[in-house]
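Notes to accompany the following structure.
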Amino acid sequence: MPLALQDPWQKLHIAEDLESQDEEMSEENRNGPDDEASIIDISRELKNSKGILKSNPSEFELLKVLGQGSFGKVFLVRKFVGADAGTLYAMKVLKKATLKVRDRVRTKKERDILVDVQHPFIVRLHYAFQTEGKVYLILDFLRGGDLFTRLSKEIMFTEEDVKFYLAELALALDHLHKIGIIYRDLKPENILLDANGHIAITDFGLSKESEQDQKTYSFCGTVEYMAPEVVNRRGHSQAADWWSYGVLMYEMLTGSLPFQGKDRKDTMTMILKAKLGMPQFLSSGAQSLLRMLFKRNPLNRLGAGVNGIEDIKAHEFFSTIDWDKLYKREIKPPFKPAAGRADDAFYFDPEFTSKTPQDSPAIPPSATCHQLFRGFSYVAPALADEDETTQQKAEKMDVEMNKPRSHHFPVRTTSILEEYDIKQEVGRGSYSVCRRCINKADGQEYAVKIIDKTKKDPSEEMEILLRFGHHSTIIHLRDVYDDGKCVFMVMELMRGGELLDRILKHKCLSEREAANIMYTLASTIAFLHEEGVVHRDLKPSNIMYADNSGTPESLRIVDFGFAKQMRATNGLLMTPCYTANFVAPEVLKKQGYDAACDIWSLGVLLYTMLSGLTPFAVGPEDQPSTILARIGEGTYSLAGGPWDQASDLSKDLVRQMLHVNPRLRLTAKQVLQHPWVVSRHHLSNDRLHHVSSVSKIKDAVKATFSALHSSPDHNRRLKPVQTSLLAQRRTKKGQRA
């Protein structure tokens, strides 16, 4: 099961009389053995197996709850004895007495499969053991969470993202098929991401041992991902996994399922008969691969032929994949999870991680159950030989040293009011409010950003600030509190106010002042872009001074609420969000956008610093459609008024930063290398004369916001994760269960 799942067996939505005979227990095993002598004394069994059983629950420290269901829990644990002391694991704990016979069989089967499977893209089993009332599986802790959660946030992935994940997944499925296993439960919830962003398949409770041409007749899985031959119960083979593979591909590319009716029966009918709706925005290669995977006759399905995975590897969609490098994990993943500490669990549901971890006692089951779990204990050979891997040593050192750093801290579930007094409001955004607060221990003033989790998922912002908040020009994050409804992010207080206010206060800046500010900001953006982060909302109000000195060194970039870590090698992002006057035209044209958007926004800021105007809005009389049209066309003026006194170099830089074509726009590094920035210390210190009033500039900014909020295309607006169809589907599943 995924390590952040509601219920280990909820995915078996259809389980009437559908298990095949070879998966059922005999009548003797159902009702218990008739021979009393055959009843096993589990205490004696455990005692006598000390030579084999090398681990037990007492060797693990419970750190967090990662998931919980009716049959058990998944914990984040740290082992504190043995050669792997200090290593973090995910501990899956199931109560024997609450498991039905079928589920006990599946648990034992999952353990057996994980013992036999060793692959870079399949979760590893390190230990398996039992107590009188429970069974334990000690697995890799994959801190990136499941692919479903990331897909829910992103809505859809770029084709480059999908290509990477599908390629790794294909290698994992091929390995399972070669050792005679049908996976049978492929879906985003069962694909986890490790610390580097590589995938790992988990949850083998529905897997079945079967040769390539051998059919099995079990009717199980999640119906939306079932192949037609599973739905019609005529028997299925390993080819069924490649159909599910196609469903997953379609879902990642489009954000929706290829076959989903109003209810389960309608969905099954669509799988058997409906025509595939192919979105035309997909590339020809993607469309071709999907059509070849969605063959209702499994004999014609790509991957099911005599060449197996080689036919998939040879498809044009994967033409850029180096399969040898991929297997060796030498290709950089499109997304790397952020975490300040080895035991951070940002990518898991706070509903579970906020709970106090406790492995509660369990009721002893029947003797029949004990008989089924005979031989359950296991220790990975490398651990039995007391041989640590390099990764385990690194994580062990990270945990043991635990060096205190200002940007390394866990999310606190205690009340923020225990340590801070919250004072007056200092700012308000679309999804949050910012207030001044005072630390009760030292009396220091800070700002606390309060985010309503029902309106905005704050995890990406927290991750970015956690990773990069140590940079001198990025606002520093001090503490994070989560009370279940809201997240409270305690940060340094910006005493110097907004950059926009300073510009308006002086009514004008000299070119030297503007160039020094641009150098500081471009240096910070260059750093973020090199680390794969785009801010996506760089407007003057999001650039503030930490103190009243007004020096460029006291500048801070704040509000990373719309920031994203770039995905694939092309950097494209598919979730537009913007402040209208500071948005690049390719966002409005739905072409996706990358780091060039931030350069566009800096160009708008430079235009405002030099002229005291915004390039696309004059005042409140401008209609929203007019402002958006100017942005889309890149229409602005560099003549007349204050521009008559601006140097040619400054205007050249503005042009190159505001270029409509993102490919021709300067990068952050190129901005730093532009002659106007390089010669900033020698530029004129004479202030430029502005013709606009302070109120007119503010009105122009207000008109920009008005244009954004009145835009009829609501799909361009970033919405809370909970509103995505994927998240709604997960909620509905939980409610049905």
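The values are calculated or read from the model by the stated rules, or taken from the named source; none is laboratory data. Predicted model, so just to flag it, every value in this text is computed and none were measured. Glycine gets a Cβ as well: all are built from the backbone with ideal geometry, and neighbour counts include every protein chain shown. Just the protein is used for accessible areas: all its heavy atoms, side chains included, with ligands, DNA and RNA removed. Shrake-Rupley method; radii C 1.70, N 1.55, O 1.52, S 1.80 Å.
With r defined as the distance between the Cβ atoms of residue 633 and residue 483 and R0 fixed at 45 Å, what FRET efficiency is calculated, to the nearest 0.05?
About 0.45, to the nearest 0.05.
Rounded to the nearest percent, how much of the accessible area of the stretch 150-268 (1.4 Å probe, protein heavy atoms only) is carbon and sulfur?
Taking all protein chains in place, the stretch 150-268 shows 43 percent carbon and sulfur surface.
Provide the per residue accessible area, probe 1.4 Å, for the stretch 243-355, rounded to a whole number of square angstrom.
49 Å²
Take residue 272 and residue 311, extend 7 Å from each Cα along the Cα→Cβ direction, and tell me the distance between the two endpoints in nm.
2.5 nm
If I stretch the segment between residue 322 and residue 501 completely, what's the gain in nm (0.36 nm per residue apart, minus their alpha carbon distance), one decimal?
That pair, residue 322 and residue 501, stretches by 59.2 nm at full extension.
What number comes out for the charge environment of residue 301, summing +1 per Lys or Arg and -1 per Asp or Glu over other residues with Cβ under 11 Å away?
Cβ neighbours under 11 Å give a net charge of 0.
Can you bin every Cα-Cα distance in the stretch 76-171 into 10 Å intervals starting at zero and give me the percent of pairs per bin, rounded to whole numbers?
13, 34, 32, 19, 3
For an R0 of 60 angstrom, estimate the FRET efficiency from the Cβ-Cβ distance between residue 655 and residue 374 and round to the nearest 0.05.
Result of the calculation: an efficiency of 0.20.
How big is the shadow of the Cα convex hull of the stretch 424-506, averaged over all directions, in nm²?
Its Cα hull, projected and averaged over all orientations, spans 6.6 nm².
From the P(r) of the stretch 154-194, can you give the percent of Cα pairs sitting at distances over 17 Å?
When all Cα pairs of the stretch 154-194 are counted, 38 percent exceed 17 Å.
Just to confirm my numbers, what's the Cα centroid distance between the stretch 118-153 and the stretch 274-349 in Å?
Using only Cα atoms, the two centres lie 22 Å from each other.
Pull up all non-local amide H partners of residue 118: gap of 5 or more, or a different chain, and H-to-H distance under 5 Å with H placed in the peptide plane.
Under 5 Å from the amide H of residue 118: no residue qualifies.
How do the peptides 123-131, 491-499, 473-481 rank, highest first, by the average count of neighbouring beta carbon atoms within 10 Å per residue?
Result, highest mean Cβ count within 10 Å first: 123-131, 473-481, 491-499.
Evaluate the Kirkwood expression for the hydrodynamic radius of the stretch 234-340, namely the inverse of the mean inverse distance over all pairs of different C-alpha atoms, and round to one decimal in Å.
It works out to 15.7 Å.
Separation between the residue 553 and residue 413 pseudo-spin-labels, each 7 Å from Cα along Cα→Cβ, expressed in nm?
4.3 nm
Might you report the magnitude of the Cβ-based charge dipole of the stretch 131-220 about its Cα centre, with Lys and Arg at +1 and Asp and Glu at -1, to the nearest 20 debye?
So the dipole magnitude of the stretch 131-220 works out to roughly 180 debye.
Would you please state which residues of the stretch 637-654 a label at residue 686 would reach in this model, taking the label point 7 Å out along Cα→Cβ and a backbone N cut-off of under 14 Å?
Within reach of a label on residue 686, which here means backbone N under 14 Å from a point 7 Å along Cα→Cβ, the stretch 637-654 contributes 642-648.
Residue 329 to residue 667: FRET efficiency via 1/(1 + (r/R0)^6), r the Cβ-Cβ distance, R0 25 Å, to the nearest 0.05?
In this case the efficiency is close to 0.30.
Taking a probe of 1.4 Å, how large is the accessible area per residue of the stretch 138-235, in Å²?
Per-residue accessible area for the stretch 138-235 comes out at 24 Å².
I'd like to know which of 509, 524, 490 lies farthest towards the positive end of the charge dipole of the stretch 483-533, counting +1 on Cβ of Lys and Arg and -1 on Cβ of Asp and Glu.
Selected residue: 509.
Just order 251-257, 355-361 by mean Cβ neighbour count inside 10 Å, highest at the front, would you?
Ranking, from highest mean packing down: 251-257, 355-361.
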